[in-house]
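The values are calculated or read from the model by the stated rules, or taken from the named source; none is laboratory data. What you are looking at is a predicted structure, and each value in this text was computed from that prediction instead of being measured. Cβ placement follows ideal geometry from the backbone for every residue including glycine, while neighbour counts extend to all protein chains displayed. Areas reflect the complete protein model, heavy atoms only, side chains present, ligands, DNA and RNA absent. Shrake-Rupley method; radii C 1.70, N 1.55, O 1.52, S 1.80 Å.
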Amino acid sequence: MPHLPPWSDLPTHEVTNQPPARGDLDLWDSDAALRDHAAAAGADVAHLAGYGARIGTEEMQEAGRAANRHPPELMLFDAGGRRLDEVRFHPAYHRLMEAGLGAGYAAVAWEGAKGGHATHAAMVYLTSQIEPGVCCPMTMTYAAVPAMRADPALFEAWVPKLTARIYDGSARPLARKPGATMGMAMTEKQGGSDVRANATVAERDGDAWRLQGHKWFCSAPMSDGFLTLAQAEGGLTCFLVPRWLEEGRNRIAIQRLKDKLGNRANASAEIEYEGARAFRLGEEGAGVRTIIEMVHHTRLDTAMAPAGLMRAALDHAWHWARHRTAFQKQLSDQPLMRSVLADLALDWEGALALGLHVAGVFDRRGEADRAFARLGVALAKFLGNKLCPNVIYEAMEALGGMGYVEDTPLPLLYREAPLNSIWEGSGNVICLDILRTLRRAPLAGEVLAEELGRASGQDRVFDAALKAHMQRFPRLPEEAQARWYVESLATLLTASVLIRNAPQAVAEAYVGTRLGDGRGRVAGAIAGVETEPVLARLGG
Ligand SMILES: Cc1cc2nc3c(=O)[nH]c(=O)nc-3n(C[C@H](O)[C@H](O)[C@H](O)COP(=O)(O)OP(=O)(O)OC[C@H]3O[C@@H](n4cnc5c(N)ncnc54)[C@H](O)[C@@H]3O)c2cc1C
């Protein structure tokens, strides 16, 4: 029998070469790229500094974990068998909603202060890093506001509560709540992109309407109201359906919660209007025109969220690389790891820069700005979301096996990564929408040309790429080539924003690898990039 030391002396459980716990994260102070691009977009940086410090605390990180570990529960009936149609969330979910709405996530863009949309967009970016699930109801609440302008009386009753900076998660009629949230229910089984195929019907009932029909996706069924589409006699029409009426629950049955990929904190549901009382929003037959105002604003958030998810993944990967050695050398000093992370960091900063730049355009109200906002937001939504899953997957691999383990945030980020591409216009639909905008609104194309022109003459590779794009696409492409066209345009626009607003070395690295010929198909297959200034953007 060999002589063994007492078990307590064995080194097996001495923890070495594992990164320290993160503790409180100041998501503003640690993110130089956010500070640069938020300032360039005209956002309220003092507000963001406070929010970034608060939302990154260990307490909020733990709330994010708890809200996903304890998913919402569907409560169809009470103990006596009476219908409830409610969803019960873990207290951590409510805490996060309170933190976001209380800090003005849904309000700041509508309070008249300068840079409100840019500030809001940066809040989406920050919140997505901690818990992306709560962003969904808060985003829809923000985005519903402009659609509500279609009816002054409804606007007056609802908008002060949607923008009250108060979260009230109770199930009560609007009049008894100081703050309210708004959801959206458009998608039906037979067609989501093509909402004109909606089969839900609306019939007049005195001064209101009754809706009958099934909605296949309704992601925030505990909202106080829903903007929805239904077929009225005059065609597809937009309605506001309150969840509660003064006399009690409205007739909205929750059928089931979706067993979905992505975050577990939010409760995506299928609902049934069973003669639900509704109020018309906008003209009869003008449903798409009315709700498109909401869609336009949710698109801004779906363009910002991937930047936040990428940031969170890279922040953890960089922390890991700086505290872990392999083969006696820090991972963050290994040349190949540096190439991989720098390459990923360029996609993240590009998405952040373009998203915030477009948000800044939302803050300007000229005719040209409005035309460009519709185009710019679609370009940003398409490119950022197409890059996001791969960036997160590679960041996950940078952690090795632990990237695959739920003790780190990487699995949640990975599951969430594809979502913002799918809703509010899936990739193909967005590309076709971009072609449509350029065809119908020449002003949008003119502003885009000006935007690209602003970076001309500063980087030889950019200039050559812009020229090559124009030669390849002398006119709008056929539908089949729309993705190629949009990817090229969105990359050029990102490069133009980086040339103007990012450190020169970062812009040069982006342009050289994305528009030059110095890159393969997989992350890190790059050459000629000075990694130091790019990785410095990751902080630490
Ligand atoms: C987690 C989650 C939450 C959601 N929450 C909500 C919600 O709260 N409210 C709500 O109303 N909806 C919600 N949705 C639904 C979402 O908006 C739709 O799934 C989306 O709009 C796509 O519609 P669809 O599923 O019917 O797909 P389809 O419209 O059938 O599209 C399928 C595919 O075909 C492509 N396609 C469509 N038309 C064309 C074309 N002309 N040429 C080429 N390709 C085309 C699309 O890009 C897509 O890739 C949610 C979805 C998810 C995943």
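A few notes on this one:
- Dipole magnitude for region 32-285: computed about the Cα centre from +1 point charges on Lys and Arg Cβ and -1 point charges on Asp and Glu Cβ, it is near 360 debye.
- Simple Cβ-charge dipole of the chain, Lys/Arg +1 and Asp/Glu -1, about Cα centre, in debye nearest 20: 780
- FRET efficiency for Arg475 and Arg500, using Cβ-Cβ distance with R0 set to 22 Å, rounded to 0.05: 0.20
- Among Ala490, Asn428, Leu344 the positive-end extreme of the charge dipole of the chain (Cβ point charges): Asn428
- Debye log10 I(q)/I(0) for region 289-538, one point scatterer per Cα, at q = 0.08, 0.15, 0.16 Å⁻¹: -0.31, -1.04, -1.16
- Lys/Arg +1, Asp/Glu -1 at C-beta; the chain dipole; positive extreme among Phe372, Ala199, Pro221: Ala199
- Equivalent-ellipsoid semi-axes of region 210-266, from the Cα gyration tensor, Å, largest first: 23, 16, 10
- Cβ-Cβ FRET estimate between Glu246 and Arg289, R0 fixed at 35 Å, reported to 0.05: 0.70
- Each stretch of four or more DSSP H residues adds -39500 (n - 2.57); spread over every residue of the chain, this sum gives -16000 deg cm²/dmol at 222 nm.
- Using the Stokes-Einstein relation with a Kirkwood hydrodynamic radius computed over Cα pairs, the translational diffusion coefficient of the chain at 20 °C and a viscosity of 1.002 mPa s comes to 88 µm²/s.
- Antiparallel bridge percentage (DSSP; both residues within the chain; nearest 5): 90
- Ratio of Rg to Rh for region 1-151: 1.20 [Cα atoms; Kirkwood radius as inverse mean 1/r over pairs].
- Packing, as the average of other Cβ atoms within 10 Å across residues, places the peptides 22-33, 312-323, 467-478 in the order 312-323, 22-33, 467-478, highest first.
- When peptides 131-142, 267-278 are sorted by average Cβ neighbour count within 10 Å, with the highest value leading, the order is 131-142, 267-278.
- Residues of region 140-178 falling in the label zone of Asp78, defined by backbone nitrogen less than 15 Å from a point 7 Å along Cα to beta-carbon, are 171-173.
- Cα-Cα pairs of region 183-317 separated by more than 27 Å (percent): 24
- Summed over the residues of the chain and divided among them, the accessible surface reaches 42 Å² per residue at a probe radius of 1.4 Å.
- Each of Pro411, Ala313, Gly520 was scored by the projection of its Cα onto the charge dipole of region 289-538, and the greatest displacement toward the positive side belongs to Gly520; charges sit on the C-beta of Lys, Arg, Asp and Glu.
- P(r) of region 346-461 over all Cα-Cα pairs, binned every 5 Å from zero, in whole percent: 2, 11, 16, 18, 18, 13, 9, 7, 4, 2, 0
- Take each peptide in 41-54, 340-353, count the other Cβ atoms within 10 Å of every residue, and average; sorted highest first, the result is 340-353, 41-54.
- Kirkwood Rh, Cα atoms: Rg over Rh of region 397-519: 1.06
- Under the Karplus curve 6.51 cos²θ - 1.76 cosθ + 1.60, θ = phi - 60°, whole-Hz ³J(HN,Hα) for region 279-285, x wherever Gly or Pro sits: 10, 5, 10, x, 6, 5, x
- Evaluated at q = 0.16, 0.19, 0.28, 0.31 Å⁻¹: base-10 log I(q)/I(0), Debye formula over Cα of region 149-201: -0.66, -0.77, -0.99, -1.14
- For Ser268, net neighbour charge (Lys/Arg +1, Asp/Glu -1) across residues whose Cβ lies under 12 Å away: +3
- Taking Cα centre as origin and charging only the Cβ of basic (Lys, Arg, +1) and acidic (Asp, Glu, -1) residues, the dipole magnitude of region 344-497 rounds to 700 debye.
- Residues in region 215-243 reached by a label modelled at His70 [backbone nitrogen below 18 Å; 7 Å Cα→Cβ]: none
- Share of pairwise Cα-Cα distances greater than 19 Å in region 41-117 is 53 percent (whole percent).
- Alpha-carbon Debye profile of region 333-405, log10 I(q)/I(0) at 0.13, 0.22, 0.25, 0.26 Å⁻¹: -0.51, -0.92, -1.05, -1.10
- Stokes-Einstein, applied to the Kirkwood radius of region 309-362 over Cα pairs at a viscosity of 0.890 mPa s and 25 °C, places its translational diffusion at 199 µm² s⁻¹.
- Residue separation of Glu274 and Ala197 scaled by 0.36 nm, minus their Cα-Cα distance, works out to 25.8 nm of gained length.
- Share of carbon and sulfur in the accessible heavy-atom surface of the chain [1.4 Å probe, %]: 52
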